[in-house]
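The values are calculated or read from the model by the stated rules, or taken from the named source; none is laboratory data. It should be emphasised that the depicted structure is a prediction, and the values quoted were computed from it without experimental measurement. Ideal geometry is used to build each Cβ from the backbone, glycine not excepted, and the neighbour counts take in all protein chains shown. We work out accessible area using only protein heavy atoms, side chains counted, and drop any ligands, DNA or RNA first. Shrake-Rupley method; radii C 1.70, N 1.55, O 1.52, S 1.80 Å.
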Amino acid sequence: MTSAQRPTTPTLIRGGWVLTSAAAASGVPAAIRDGAVLVDGDRIAAVGEYAALKAGHPDAVERGGPHDLVAPGFVNAHGHFSEGLITGIGSQYTLWEWLHKLITPVNPTMDAEKAYAGTMLQGIQLLRSGVTTANDMFCSDPDPDGPITPGVVRALDELGLRGVLAFGSGDADREFDMQPIVDEWDALREACAASSLSTFRVGIAAVGRTTPESFARSVDYARSGGHGVHIHLHEVREEVTATLQRTGRTAVGYCAAEGLFAAPTLAAHCVWVDRADRELLAEHGVGVAHNPVANAILASGVAPVAELRALGVDVGIGVDGAASNDAQDFLQAMKTAPLLARIRDLQATAMSAREAFELATIGGARALRMDDAIGSLEPGKKADLVVFDGESPTIGVVHDPYQAIVFVAGSREVKDVWVDGAPSVADFDVVNVDPAEAVARARPLAARLVAEAGLERLSAFTGAPLDGTEIP
Ligand SMILES: [Zn+2]
């Protein structure tokens, strides 16, 4: 675990710009020129001008530099480690075809070993793009041979990546017994309780993918245990129509009426929400994860982020799954958010770089109701932060630090990433695991998955000839 790598003496992390995402009321400026962050143990001890902090803490070890950009670690508000071994496949489908042709056959093949290997691959990419907290919903069938998701917790602990972890399994198609899902929740909850980095949430794949009985049991499990919830809501128009026909309500309306929103709820997507849906989300304090790249790949639409925020809804940014983005590069998702907003409104002012940066940091933390601990650089908060390399030709000249990070920087500029006061990325690569080993472990498991799921028509990975009808 990362506490082994946590420095025993304070560290002063310097930047030509320190962007804090701190609220005005906190007294910490939003942007500090030639600033620094003092890390002591797992916490931020101080944030301010470099010269003053250096004078007050002359013995602190220094990291960063006078031209680097220092930011809060990014909060990935939505993802699926369950898709860790099926990247770059099936992107010719819209969401419902994609669920039917790719995800449904993969679901029964998942086990703890594949979960661990897939999480390791995707976690490395998240860290390399500056993510320090991953809010994830593992979507698969339960494995009769034993719980799956403790494999996710183990991988994140080894990587040094904070997790907010849910298991969301649909039972509407198969009517399988709810008990294996509850057993998986119990196993994940216990694994998270034993981890210093991961916390548990109840996952609900979607209203339309659960029976009324299992939905009610999910609500009860969350509310009686005091757990948060992670659910997909209104990703595509078909979901809204189908739920209206089945229940007489939109999925948002159904969740509100059935008491789900009494639990802290993070709703992924919310693309097809009308005014009444948006008002319900605001009224119940539901956080929203905006997934601009996945919404574009699956042709789902453009979420009304501005309208949601105008009502006070907390919105974060997610990469979404490794099979629906398909990259896990958070910087791409953060850049695409303002691009989609600008294309939708045909206004270059529709979403600024600073607004996207704030959604990616404190916005995601608020949507998860974790903003007391993460999401901004303020004394007392967890030391989760990212350092961009100011010596890079890419961002060596900075006119506006927000635009430099959101529109210019790529993951190659991510120099250091600190999670819980310990470096998880140092000098441009992960420090706790060997990426080559992670790839070597994943390849045979991905081949086995393709065979077990019968995906040869979509995948040339195992040497099968490509089927022209399935692969464009
Ligand atoms: Zn998703």
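Any residue that is in contact with a Gly (Cβ under 8 Å, 6 or more places away or on another chain) and not assigned by TED's automatic domain parsing to the domain that holds Ala426 - is there at least one of those in the range 89-101? Within the range 89-101, one or more residues are in contact with a Gly (Cβ under 8 Å, 6 or more places away or on another chain) and not assigned by TED's automatic domain parsing to the domain that holds Ala426. Among the strands (runs of 3 or more DSSP E) contained in the range 57-101, which hold 3 or more residues that are within 16 Å of the ligand (Cβ to nearest atom)? Those strands (runs of 3 or more DSSP E) span 74-79. Applying the selection to the range 219-239, what residues are farther than 21 Å from Gly79 by Cα and within 16 Å of the ligand (Cβ to nearest atom)? Across the range 219-239, the qualifying residue is only Glu238.
Between a residue in the range 220-247 that is within 22 Å of Leu298 (Cβ to Cβ) and any residue that is assigned to a helix (DSSP H, G or I) and open to solvent by 70 Å² or more (accessible area, probe 1.4 Å), which pairs come within a Cβ distance under 9 Å, given they are 6 or more apart or on different chains? These pairs meet every condition: Val236/Trp96; Glu238/Trp96; Glu239/Trp96. Evaluating Arg369 against the criteria (1) in a loop (DSSP other than H, G, I, E, B); (2) within 30 Å of Thr9 (Cα to Cα) leaves one unmet condition, (2).
Among the conditions (1) within 15 Å of the ligand (Cβ to nearest atom); (2) modelled with pLDDT of 95 or more; (3) open to solvent by 20 Å² or more (accessible area, probe 1.4 Å), Val271 misses just one, which is (3). Report, by residue number, each residue of the range 314-341 that is open to solvent by 10 Å² or more (accessible area, probe 1.4 Å) and either of a type in the set (Val, Ile, Thr) or within 19 Å of Val273 (Cα to Cα) (or both). Within the range 314-341, Asp314, Thr336, Leu340, Ala341 meet the criteria. Taking the options Ala404, Ala438, Ala442, name whichever one is in contact with a Gly (Cβ under 8 Å, 6 or more places away or on another chain) and in a helix (DSSP H, G or I). Among Ala404, Ala438, Ala442, only Ala442 is in contact with a Gly (Cβ under 8 Å, 6 or more places away or on another chain) and in a helix (DSSP H, G or I). Look through the range 342-367, keep the residues that are among the aliphatic types (A, V, I, L, M) and under 23 Å from the mean Cα position of the chain (by Cα), and return whichever of them is surrounded by the most Cβ atoms within 10 Å (Cβ to Cβ). If we take residues in the range 342-367 being among the aliphatic types (A, V, I, L, M) and under 23 Å from the mean Cα position of the chain (by Cα), then Ala360 is surrounded by the most Cβ atoms within 10 Å (Cβ to Cβ).
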